[in-house]
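The values are calculated or read from the model by the stated rules, or taken from the named source; none is laboratory data. Note that the coordinates shown come from a computational prediction; the quantities given were computed from them, not determined experimentally. Cβ: placed from backbone, ideal geometry, glycine included. Neighbour counts: every protein chain shown.
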């Protein structure tokens, strides 16, 4: 099977995660500075890693309504669809960053130590949720 790529969009940093070939587990991949370099890097990864689907976190409030960053995520998804030859889906990312912070804290990492990986772990959690739904 072909892999899936998870994305946690952020104002400063964008986290990326990659599924295994069996689509059972998501793994943190990298963090890149948000801005003009994000789309070219994703395009490169789609080609290099043989990505079939890109899963972008869609911010929602706890009651299910769309959050402040939802419109940005939707616009980014549309932009990405025009740039890459694979499916792009939006996936509920409620509490992914908080869950990532908690997981890193519980593993003994201090806040300063997690800055470089928190976005990757959030992307991993977004992608893992999507994979779990696919495999249910």
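Looking only at the stretch 28-38, count every residue that is free of Cβ contacts under 8 Å to residues at least 24 places away in the same chain and part of a strand (DSSP E or B) and tell me the total. Reasoning before the result, please.
We begin by selecting, within the stretch 28-38, every residue free of Cβ contacts under 8 Å to residues at least 24 places away in the same chain; these are 32-33, 35-37.
Add one more test, that the residue is part of a strand (DSSP E or B), and what stays is 32-33.
Here the count works out to 2.
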message = Of the conditions (1) at pLDDT 70 or above; (2) more than 25 Å from residue 47 (Cβ to Cβ); (3) assigned to a loop (DSSP other than H, G, I, E, B), residue 109 satisfies every one except a single condition; which number is it?
response = (1)
ask   = Mind checking which residues of the stretch 16-27 are more than 18 Å from residue 47 (Cα to Cα) and buried (at least 21 other Cβ atoms within 10 Å of the Cβ)?
value = 26
query = List, please: which pairs have Cβ atoms under 7 Å, are six or more places apart or on different chains, and start with a residue in the stretch 121-134 that is in contact (Cβ under 8 Å) with a residue 40 or more places away in the chain and end with one that is part of a helix (DSSP H, G or I) and buried (at least 23 other Cβ atoms within 10 Å of the Cβ)?
reply = 121/100; 122/96; 122/100; 125/96; 125/100; 126/96
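Matching residues to (1) touching a residue at least 12 places away in the same chain (Cβ under 8 Å); (2) touching a strand residue (DSSP E or B) at 6+ places or on another chain (Cβ under 6 Å); (3) over 16 Å from residue 122 (Cα atoms); (4) in a strand (DSSP E or B):
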| site | (1), (2), (3), (4) |
| --- | --- |
| 40 | no, no, yes, no |
| 44 | no, no, yes, no |
| 47 | no, no, yes, no |
| 56 | yes, yes, no, yes |
| 64 | no, no, yes, no |
| 71 | no, no, yes, no |
| 76 | yes, no, yes, no |
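Among the listed residues 54, 89, 39, identify the single one that is exposed (fewer than 15 other Cβ atoms within 10 Å of the Cβ) and in contact with a helix residue (DSSP H, G or I) (Cβ under 9 Å, 6 or more places away or on another chain). Steps first, please.
Working: 54 fails: exposed (fewer than 15 other Cβ atoms within 10 Å of the Cβ); 39 fails: exposed (fewer than 15 other Cβ atoms within 10 Å of the Cβ).
On inspection, the qualifying residue turns out to be 89.
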task = Go through the stretch 1-27 and give me each residue that's closer than 13 Å to residue 39 by Cα and part of a loop (DSSP other than H, G, I, E, B).
result = 9
